[in-house]
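The values are calculated or read from the model by the stated rules, or taken from the named source; none is laboratory data. What you see is a predicted model; the values in this text were computed from it and never measured. Cβ sites come from the backbone with ideal geometry, for glycine too, and all protein chains shown count toward neighbours.
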Amino acid sequence: MDDMSKLKLEQQTSMETNSEKMILSNTQQLEKPDNTFDIISVADADELFCLSVDSDGKEAAEEVLDKIMKSLSEENKLIEGLADDFHNFSVSILRQYNNYRTALQIVELGLKNYEENTDLLADAIRYGSCCGKTNKCKEWLSVLLKIDRTKWTWRAFSFSIEFLLSQYLSYSGKDIESIIALTKEYQTYFPNDEDGWRREQEIYSKTNHYQKSILVLEEAINRFKFCPRCWLRYADLMMDEGEYEKAAPIIEKLRRNPLSMDSVNISYVYYLDGLCKMTKLKHSIDYTNNIFNEEAILEIYRLFYNSISHSDIKSSIKVKIKDQVKSLEIETNIYCPYDF
């Protein structure tokens, strides 16, 4: 083995040993008989919290999180960690509990060390907005807007646009043109991210500029080979307009690309697909003449069942699916083989 290979092996072994030590240390924290933790590293805090979730479950881990927060919040305590560590811990908390107040506490601790980190400022704006801390959000936004755009992350653009739009819609924000201008900057600095176009579409949609919102989505669809959020929004709007022929190929793209599941609510995609196929079927001449394609109808039932089987389906969509299935059964005398 040459010297370079030995060095790489030593470095890898050292990293594995440090990782094992951290896990052992955090395991020992969980096993402490008293009611306190002594934590100075936010990365350790995240590791300890995730370890507790995995070993004890979400409910028990909530008590562990309380202890972690007490330790991290001790007066004059210097918390170690990279900016990304603070962000990652806040995301871990949100993933388990959707607790924006605690996530915001973590981000605020991070901002003490990294006052102009654009990701942490963006997190603070989003979390603070969810907690009703509008004035603090304005302060964080003011700091963010003074930072050169070349240092902005996608979160900085996306979350600040989201907040500015919410302020505009509550009659207390900037003029809409300045927010649209920010989305154009977003698209310039992140030309390969569909989110810039999705944000622009959202602005037009929420300010009653329907045709402009459609044009932005069509621009994104023509520009990107893969833009699942824009695809889904476009298909949704086309179905609302009764334009199922335009919606169908977009829904097919969503269904066929396995990466879509990481970006959109796949249960809603199945619902839209079933609804689209049912609408097309009901507009056919055969259906009007009481000639029913059993294979096509069973496919619709299967799509609705796939939709309702996902845990993330909304209760309102469940109700709509059951109503659609009932209606189709009554009209065709072809009964659904699935238990809804």
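Miscellaneous remarks
- In the range 211-222, the residues that are of a type in the set (Lys, Arg) form Cβ pairs under 6 Å with partners that are surrounded by 18 or more Cβ atoms within 10 Å (Cβ to Cβ), at six or more places apart or across chains, as follows: Lys212/Tyr204.
- Extreme residue, modelled with the lowest pLDDT, among residues of the range 268-309 that are surrounded by fewer than 17 Cβ atoms within 10 Å (Cβ to Cβ) and under 14 Å from Asp339 (Cα atoms): Ser309
- For the range 48-100, the set of residues classified as under 19 Å from the mean Cα position of the chain (by Cα) and β-branched (Val, Ile, Thr) consists of Val91, Ile93, listed by residue number.
- Residue among Asp54, Asp46, Asp66, Asp84 that is of a type in the set (Asp, Glu), surrounded by 20 or more Cβ atoms within 10 Å (Cβ to Cβ) and either without any contact (Cβ under 8 Å) to a residue 60 or more places away in the chain or assigned to a helix (DSSP H, G or I) (or both): Asp46
- Filter result for Met261 (out of contact with any Ser or Thr (no Cβ under 8 Å at 6 or more places or on another chain), farther than 22 Å from Phe159 by Cα and part of a helix (DSSP H, G or I)): yes
- Some residue of the range 145-157 being among the hydrophobic types (A, V, I, L, M, F, W, C), surrounded by fewer than 18 Cβ atoms within 10 Å (Cβ to Cβ) and outside any helix (DSSP H, G or I): yes
- Positions within the range 111-130 being buried (at least 17 other Cβ atoms within 10 Å of the Cβ), among the hydrophobic types (A, V, I, L, M, F, W, C) and within 21 Å of Gln167 (Cα to Cα), in sequence order: Leu120, Leu121, Ala122, Ala124, Ile125
- Some residue of the range 221-234 being crowded, with 21+ Cβ neighbours inside 10 Å and among the hydroxyl-bearing types (Ser, Thr, Tyr): yes
- For Glu75, the conditions (1) surrounded by fewer than 20 Cβ atoms within 10 Å (Cβ to Cβ); (2) free of Cβ contacts under 8 Å to residues at least 24 places away in the same chain; (3) assigned to a helix (DSSP H, G or I); (4) not small (Gly, Ala, Ser) are fulfilled apart from (3).
- Any hit, the range 197-205, residues being in contact with a Leu (Cβ under 8 Å, 6 or more places away or on another chain), free of Cβ contacts under 8 Å to residues at least 24 places away in the same chain, closer than 29 Å to Ile251 by Cβ and in a helix (DSSP H, G or I): no
- Some residue of the range 9-23 being modelled with pLDDT of 90 or more and in a helix (DSSP H, G or I): no
- Of the listed requirements (1) under 28 Å from Tyr210 (Cβ atoms); (2) among the small types (Gly, Ala, Ser); (3) touching a Phe, Trp or Tyr at 6+ places or on another chain (Cβ under 9 Å), Ser309 misses just one: (1).
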